[in-house]
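Have a look at the structure below, then the notes.
The values are calculated or read from the model by the stated rules, or taken from the named source; none is laboratory data. The shown structure was predicted, so the numbers you read here are calculated from the model rather than taken from an experiment. Note: ideal-geometry Cβ built from the backbone for every residue, glycine included; neighbour counts use all protein chains shown. The accessibility values were calculated without ligands, DNA or RNA, using every heavy atom of the protein model including side chains. Shrake-Rupley method; radii C 1.70, N 1.55, O 1.52, S 1.80 Å.
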Amino acid sequence: MLGLFGTLNLGARALQAQQQGIETAGHNLANVNTTGYARQRVNLQTSSAIPSSFGPIGTGVDVAGIQQLRDAILDGQVQSENSVTSFLAAKQAALQYAEAALGQQIDRSASGAEGAAAANGSGGQHGIADQLSGFFNAFQALAADPSSPTARKAVLSKAQDLAGLFNQISSGLASLHASLNDSINSDTDSANNLLASIADLNKQIITTETGNPGSANDLRDLRQQKIEQLSNLVNIQTTAQTNGGVDISISGVTMVSGTQVKDTLQTYDAGGGQILLRGASSGTPLTLSSGSIQGTIDARDGAMKDLSDNLAVLASQLVTEVNNIHQTGYGLNGSTGAAFFVGTNAATIQVNAALVGDPALLQAAGVPGAAGDNKVALALAQLANKKIAGLSNQTLSDQFGTTVASLGQAISSTSSNISDQQLVSKMLQQQRDSVSGVSLDEEMTDMMKYQKAYEASAHLITTLDQMLETVLTMKQ
């Protein structure tokens with residue numbers, strides 16, 4: 001038999017166990033809105049029984065430990081899918097910035113010539129499609145009155161507007177390219193800080209759990225939060241160690257091993273301002289598949305580069321085609337051979353300053369000394385419908401429409417993918433919340449359950465106190 005004093009000890013352990021249950025429920029409730037927190041549960045076990053002639057006699061309850069409710073598989077899935085979501089979100093944002101650099105909204109369902117029309121309609125008079133149309137229409141008006149100073153000035157004005165827009169868009173895309181590189185550098189610094197934090201948390205967890213495995217629950221929550229923040233930047237692989245540490249590798253390169261940061265991320269220029277990542281110590285280029293850094297890289301080196309390159313080709317072909325025709329013509333004073341445009345691409349295209357200074361030098365005639373001749377002006381106007389070999393046998397407007405439609409399709413595809421991906425991430429998060437999330441109703445129920453058990457244990461001790469008093473009274 002336990003006896004009165006043994007039973008008192010039983011009651012005291014019961015009080016401690018129920019109190020621990022209340023404290024744990026309270027801790028869960030306090031962290032119901034804490035990001036990355038996994039709910040905890042008190043594990044109670046029956047105390048060791050005492051053998052007797054009547055059989056084993058129970059000695060009450062003990063706290064076996066406080067368990068953190070986590071599913072490692074779900075954590076890994078959430079981490080992986082969030083990395084993909086961040087990849088798509090970063091890519092979408094970068095492509096939308098490129099759309100903004102065009103200065104016009106894009107009909108993302110259109111393609112080819114329809115894309116040009118859509119871009120023209122939504123971009124208004126400031127879009128390249130509209131400016132091209134206005135430029136060639138001005139030559140058409142000049143062909144109707146080749147000697148008109150007003151018509152000549154209108155042509156040059158439209159040409160300056162078109163060239164200025166090419167310059168503006170090219171400058172905007174170059175600035176965006178630099179900004180995306182800055183973003184990659186900044187995210188790389190953030191990733192390195194997270195690697196250092198994870199290594200430090202590994203050290204704290206290993207130290208805390210020495211001789212007491214699984215006891216650093218709150219530190220584990222914080223580490224998981226850091227790991228998921230890191231996975232939002234780059235796709236990572238994690239390996240749990242028996243001592244409580246977690247190793248981190250990226251693209252096969254070990255970054256964190258136990259308490260040590262073995263390598264860090266470093267940006268480098270792969271040529272032409274193409275900022276990529278490698279291991280700082282190993283020098284190994286990293287092949288990333290997800291994370292916001294790779295999303296930014298994909299947008300920069302994919303659809304955005306295509307947009308910039310195609311605009312450069314468009315401007316170059318415009319310069320070549322217009323100059324080839326214009327240089328064969330004659331100005332009002334018989335001048336010939338002058339280029340209409342100078343420069344070679346979207347960044348450098350300009351209207352010949354000599355023509356701007358003296359519109360009479362505009363070479364609209366096909367023969368010298370014929371002020372009313374419109375052969376060259378008409379040929380320049382008809383250039384609007386010419387299929388150009390350097391543009392894959394498309395007209396200037398069609399090539400721009402194809403370029404714009406390609407960007408629109410890239411944005412549309414990314415937006416569709418991110419919608420689907422967000423559903424997957426949300427589903428996984430809900431599954432994890434069902435395991436690790438704090439339920440207010442459940443915790444309140446547990447708190448009342450432990451409260452009632454605590455009251456019952458206290459009543460047991462009160463009863464035993466009365467029994468002891470009775471025994472002591474009997475001896476008087």
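Restricting attention to the range 39-58, which residues are among the hydrophobic types (A, V, I, L, M, F, W, C) and surrounded by fewer than 11 Cβ atoms within 10 Å (Cβ to Cβ)?
54
Which members of the range 310-353 meet the condition of being of a type in the set (Gly, Ala, Ser), within 40 Å of the chain's Cα centre (by Cα) and open to solvent by 20 Å² or more (accessible area, probe 1.4 Å)?
Within the range 310-353, 312, 316, 343, 347 meet the criteria.
Which fully enclosed strands (runs of 3 or more DSSP E) of the range 195-268 have 2 or more residues being at pLDDT 95 or above and open to solvent by less than 30 Å² (accessible area, probe 1.4 Å)?
246-250, 253-257
Could you list all residues from the range 280-330 that are among the small types (Gly, Ala, Ser) and within 28 Å of residue 344 (Cβ to Cβ)?
Selection gives 299, 302, 303, 308, 312, 315, 316, 329.
Restricting attention to the range 360-371, does a residue exist that is more than 29 Å from the chain's Cα centre (by Cα), in a helix (DSSP H, G or I) and under 27 Å from residue 134 (Cβ atoms)?
Yes: the range 360-371 contains one or more residues that are more than 29 Å from the chain's Cα centre (by Cα), in a helix (DSSP H, G or I) and under 27 Å from residue 134 (Cβ atoms).
Could you please give the count of residues in the range 416-440 that are aliphatic (A, V, I, L, M), closer than 22 Å to residue 33 by Cβ and in a helix (DSSP H, G or I)?
Going through the range 416-440 one residue at a time, the tally reaches 4.
Can residue 17 be described as on the phi < 0 side of the Ramachandran plot and either touching a Gly at 6+ places or on another chain (Cβ under 6 Å) or open to solvent by 50 Å² or more (accessible area, probe 1.4 Å) (or both)?
Taking the combined requirement at face value, the residue does not satisfy it.
Would you call residue 466 part of a helix (DSSP H, G or I), open to solvent by 30 Å² or more (accessible area, probe 1.4 Å) and modelled with pLDDT under 95?
yes
Is it the case that some residue within the range 320-332 is of a type in the set (S, T, N, Q) and at pLDDT below 95?
no
Quick check: is even one residue across the range 219-232 farther than 22 Å from residue 82 by Cα, without any contact (Cβ under 8 Å) to a residue 24 or more places away in the chain and more than 19 Å from the chain's Cα centre (by Cα)?
No: zero hits.
Residue by residue, here is whether (1) closer than 30 Å to residue 179 by Cβ; (2) among the aromatic types (Phe, Trp, Tyr); (3) surrounded by fewer than 17 Cβ atoms within 10 Å (Cβ to Cβ) holds:
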| site | (1), (2), (3) |
| --- | --- |
| 6 | no, no, yes |
| 34 | no, no, yes |
| 37 | no, yes, no |
| 60 | no, no, no |
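Take the residues of the range 98-137 that are among the polar types (S, T, N, Q), open to solvent by 20 Å² or more (accessible area, probe 1.4 Å) and part of a loop (DSSP other than H, G, I, E, B): which is modelled with the lowest pLDDT?
111
Across the range 382-406, what is the total count of residues that are assigned to a helix (DSSP H, G or I), open to solvent by 10 Å² or more (accessible area, probe 1.4 Å) and over 27 Å from residue 299 (Cα atoms)?
So the answer is 4.
So which of 278, 300 ends up being closer than 22 Å to residue 254 by Cα, charged (D, E, K, R) and at pLDDT 95 or above?
278
Check off (1) over 20 Å from residue 354 (Cα atoms); (2) open to solvent by less than 70 Å² (accessible area, probe 1.4 Å) for residue 140 and give me the number that stays unchecked.
That leaves (2) as the condition not met.
From 413, 425, grab the single residue that is small (Gly, Ala, Ser) and open to solvent by 50 Å² or more (accessible area, probe 1.4 Å).
413
If residue 25 meets every condition in (1) assigned to a helix (DSSP H, G or I); (2) of a type outside the set (D, E, K, R); (3) over 30 Å from residue 231 (Cα atoms); (4) out of contact with any Asp or Glu (no Cβ under 9 Å at 6 or more places or on another chain) apart from one, which number is that one?
So the condition that residue 25 fails would be (4).
Considering the range 319-359 alone, what residues qualify as being closer than 27 Å to residue 102 by Cβ, among the polar types (S, T, N, Q) and part of a strand (DSSP E or B)?
The one that is closer than 27 Å to residue 102 by Cβ, among the polar types (S, T, N, Q) and part of a strand (DSSP E or B): 350.
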